[in-house]
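For reference, the structure is listed below as structure tokens.
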Amino acid sequence: MSTFITFEGGEGAGKSTQVKLLGEYLTEQNIPVVLTQEPTGTPLGRKIGDILFHRGHSDMCPETELFLFCAARAQHVRDVIRPALACGKYVLCDRFSDATYAYQAAGRGLDPRFIQTVNDYSAPGLKPDLTLLFDLPAETGLARANRRDATHGNPSSADRFEKEKRDFHERVRAAYLALARREPERFRVVDAARTIDEIAADVRRHVAAFMQHRR
Ligand SMILES: Nc1ncnc2c1ncn2[C@@H]1O[C@H](COP(=O)(O)OP(=O)(O)O)[C@@H](O)[C@H]1O
Ligand SMILES: [Mg+2]
């Protein structure tokens, strides 16, 4: 049965790490799985991502940011997510619509009702079956992201979001936790301040319980 699982959380929370590990785990069990991410899950989305993340684009206004993320999402939903779900696959997606509320509403101050309208246009009728929220203090996540950027070449390659102040990232964290409280049946909050293996075990438990429950 097709299943849409999204991975959410702040910078350096371990989303990409855990998408990959869950993907390997499901593949070992012969479950057909597609791993993808926003906004760069399509060739067009990668170009949009270049614009969105570029450190030099510090004058980008919040509305532009919102529309670019949603433009990438529309393409991603049509070209990658819907086709995979239509043939019964598991889709593991690194960030999705919840990120737009956390970042563009709580982070940038846009009206959540406006965001809901634009989100609904970008991904009509599509909601994750399960959302794993990787929660940890912003500072811990940013330190991890900095180490990651340093080992992947440019030591000062922090993108436009990583460069934001700590209170921006704390607002994002609080907004994610508020979303989880509002939809407890869809969200699982995972304590991301532990080891990669401990978190991966939790993720597998949540997914197994979800599959069991749905049967
Ligand atoms: N639980 C963890 N403890 C310590 N380091 C981690 C953990 N999970 C991921 N990392 C490392 O932290 C960095 C950020 O992880 P990543 O998966 O890229 O986060 P995200 O995709 O949420 O930004 C990577 O270098 C990764 O190897
Ligand atoms: Mg990532």
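Assuming 0.36 nm per residue, please report the length gained on full extension of the stretch A193 to A178 beyond their Cα-Cα distance.
3.5 nm
From the C-alpha gyration tensor of the chain, pull out the three semi-axes of the equivalent ellipsoid (sqrt of 5λ each), sorted largest to smallest, in whole Å.
Details: eigenvalues 127, 84, 59 Å².
Working through the eigenvalues yields semi-axes of 25, 21, 17 Å.
Which ³J(HN,Hα) values in Hz, rounded to whole numbers, follow from the phi angles of segment 184-190 under the Karplus curve 6.51 cos²θ - 1.76 cosθ + 1.60, where θ = phi - 60° and Gly and Pro get x?
Result, rounded to whole Hz: x, 6, 8, 8, 10, 8, 10.
How big is the dipole moment of the chain about its Cα centre under a simple scheme where the beta carbon of each Lys and Arg is +1, that of each Asp and Glu is -1, and everything else is neutral? Debye, nearest 20, please.
Here the size comes out at about 320 debye.
In the chain, with Lys and Arg counted as +1 and Asp and Glu as -1 at Cβ, which of these residues, A193, Y121, P137, has the Cα nearest the positive end of the dipole, that is, farthest along it?
Of the listed residues, the answer is Y121.
Over the C-alpha atoms of segment 99-215, what are the Rg and the largest Cα-to-Cα span, Dmax, in Å?
That works out to 16.2, 48 Å for Rg and Dmax.
To the nearest 500 deg cm²/dmol, what mean residue ellipticity at 222 nm is calculated for the chain from DSSP H runs of n ≥ 4 alone, each contributing -39,500 (n - 2.57), summed and divided by the residues?
-16000 deg cm²/dmol
Take every DSSP beta bridge with both residues inside the chain and express the antiparallel ones as a percent of the total, to the nearest 5.
0 percent
How many angstrom separate the Cα center of segment 164-215 from the Cα center of segment 74-118?
Going from one Cα centre to the other spans 16 Å.
Taking every alpha carbon pair in segment 1-52, what does the distance histogram look like in 10 angstrom bins from 0, in percent?
With 10 Å bins starting at 0, P(r) equals 21, 45, 30, 4.
In vacuo Debye scattering of segment 27-90, one point per C-alpha: log10 I(q)/I(0) at q = 0.14, 0.15, 0.26 Å⁻¹?
For segment 27-90 at q = 0.14, 0.15, 0.26 Å⁻¹, log10 I(q)/I(0) is -0.48, -0.53, -1.04.
Read-outs: derived from the displayed coordinates by stated rules, not from any lab. Keep in mind it's a predicted model, so treat the numbers as computed, not measured. Every residue, glycine as well, gets a Cβ built from its backbone with ideal geometry; the counts of neighbours run over all protein chains shown.
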